[in-house]
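The values are calculated or read from the model by the stated rules, or taken from the named source; none is laboratory data. The structure displayed is predicted, hence computed values, not measured ones. Backbone-built Cβ (ideal geometry, glycine too); neighbour counts: all protein chains shown.
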Amino acid sequence: MQFGYSETCLAHDTGKRHPETADRLRAIRRALAKRHGVEYVEADPADDAAVAAVHEEDYVDEIRSFCEEGGGNWDPDTVASEDTWDAALVSAGLAQWAARAAVEGADERDTPFSLGRPPGHHAVENDAMGFCFINNAAVAAQTVIDDDELDAERVAIFDWDVHHGNGTQDIFYDRGGVFYASLHEGGLYPGTGEIDEIGEGDGEGTTLNVPLEAGAGDADYELVISEVLRPALEQFDPDLIIISAGFDAHRHDPISRMRVSTEGYAQLTDSVRAIANDVDAGLAFVLEGGYGLDTLSEGVAIVHETFDGRTPMEIEEDHDEKTEAIIEDVLDAHGIDG
């Protein structure tokens, strides 16, 4: 794979006890150093126009000034330093690079994966939250849609982070060109992502949430992919699929209760690759959460290995009956034939 990366993202300093630290990227780099076929790419930072396409200008001015004045706690969980805004612009720029590369035909072993931080999927139009300042996936999606030289009028974002990406959902909730699907642990921060949140206005039907019960594992995730995500994306017919790739649903992640294994992420990767191929869409990955350094780095590495030719092992466990009931409710909410 091609990995977008910049040392600038290490400068975003959240302090000693914060789970979202530069060590996350360092751990990923160490894991990838042991793999073949890894390529690193730098990208230009996102510019003001690209950020303003998904965020309110007053918010952008306020958060930029906050960082330039030394930063601090924007809220109890979201910490900024003097270098945070530069890191956020670079993180968004790396996501833009990944989306453009995928639309322009980078696939298989050249599939792009943006390794930026701070993450983005909790950042709403007018606020930072949940460790996020700029919504990287949203900037990337809107960038390719707005670029007349790229053939990408419809973009799907599939968020497999354990937390619901409220920011991405809110930004596109009433816009018809982006389909947002989230598979997350129900009831976890930020408390959004219910099944009946399906979009409104021009975006009605383009938001899809699957809030699973705590303890869901590989088989549950794969069932959702095959029974819900695949038919939904086949119906939407995107030109590009962006994966908001958090790895905090891993069974050993310190801040979630899900049971996805490292091998489960290989299966997820293989499944979304198959869907992208079948709907003839580009595929790009954008890093979100994941706070166990070993599980995060193993997760990113297994995504790379899957594109490098490794065949995922078959899932032998059974899914939970509760997942079947949730899937039925999601299908009913969206009028999808099960």
*Report, by residue number, each residue of the range 148-169 that is surrounded by fewer than 22 Cβ atoms within 10 Å (Cβ to Cβ) and in contact (Cβ under 8 Å) with a residue 12 or more places away in the chain.*
150, 151, 153, 154
*Restricting attention to the range 197-222, which residues are under 22 Å from residue 253 (Cα atoms), of a type in the set (A, V, I, L, M, F, W, C) and either surrounded by 21 or more Cβ atoms within 10 Å (Cβ to Cβ) or modelled with pLDDT under 95 (or both)?*
210, 212, 216
*Residues of the range 245-270 satisfying the condition of being surrounded by fewer than 24 Cβ atoms within 10 Å (Cβ to Cβ), among the hydrophobic types (A, V, I, L, M, F, W, C) and assigned to a helix (DSSP H, G or I)*: 266
_Residue tally, condition part of a loop (DSSP other than H, G, I, E, B), more than 18 Å from residue 158 (Cβ to Cβ) and of a type outside the set (A, V, I, L, M), over the range 195-231_ = 5
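Yes or no, residue by residue, for (1) within 28 Å of residue 302 (Cβ to Cβ); (2) basic (Lys, Arg):
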position: 57; (1), (2): no, no
position: 64; (1), (2): no, yes
position: 81; (1), (2): no, no
position: 96; (1), (2): yes, no
position: 101; (1), (2): yes, no
position: 105; (1), (2): yes, no
position: 122; (1), (2): yes, no
position: 156; (1), (2): yes, no
*Count - residues of the range 284-297 that are assigned to a helix (DSSP H, G or I) and either at pLDDT below 95 or surrounded by 21 or more Cβ atoms within 10 Å (Cβ to Cβ) (or both)*: 3
*In the set 50, 46, 87, 102, which member is over 16 Å from residue 115 (Cβ atoms), crowded, with 20+ Cβ neighbours inside 10 Å and modelled with pLDDT of 95 or more?*
50
*Return yes when residue 273 is surrounded by fewer than 22 Cβ atoms within 10 Å (Cβ to Cβ), basic (Lys, Arg) and within 22 Å of residue 220 (Cβ to Cβ) and no when it is not.*
yes
